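What follows is one structure encoded as structure tokens, with my remarks underneath.
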Amino acid sequence: MNEFEKEVQSRRHDIFDAGFGFVFSFLFFMIIFFIGVFFDAIVS
């Protein structure tokens, strides 16, 4: 047995962490994008 499998810190699947990371990064860039669009609509 692999010695790293004896003491696992988190037993969650990595796909959940990858999904959360994708969603949070997508929301972050979407917020930045809409801030730019909103600012451009105010200036013009």
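Each reported figure results from applying straightforward, stated rules to the coordinates on display, with no laboratory input. Source: prediction; values computed, not measured. So basically every Cβ, Gly included, is an ideal-geometry build from the backbone, and we count neighbours across all protein chains shown.
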Open item on the list: With n ≥ 4 as the cut-off for DSSP H runs, can you work out [θ] at 222 nm for the chain, using -39500 (n - 2.57) per run divided by the number of residues, rounded to the nearest 500?
Closed with: -24500 deg cm²/dmol
Open item on the list: If I fit a long axis through the Cα atoms of helix 14-43 and take the longest principal axis of the Cα atoms of the chain, what angle between them do I get, 0 to 90°, rounded to 10?
Closed with: 10
Task: For the chain, size of Cβ-based charge dipole, Lys and Arg +1, Asp and Glu -1, in debye - done: 140
Task: Rg(Cα) / (2.2 N^0.38 Å) computed for the chain, rounded to two decimals - done: 2.10
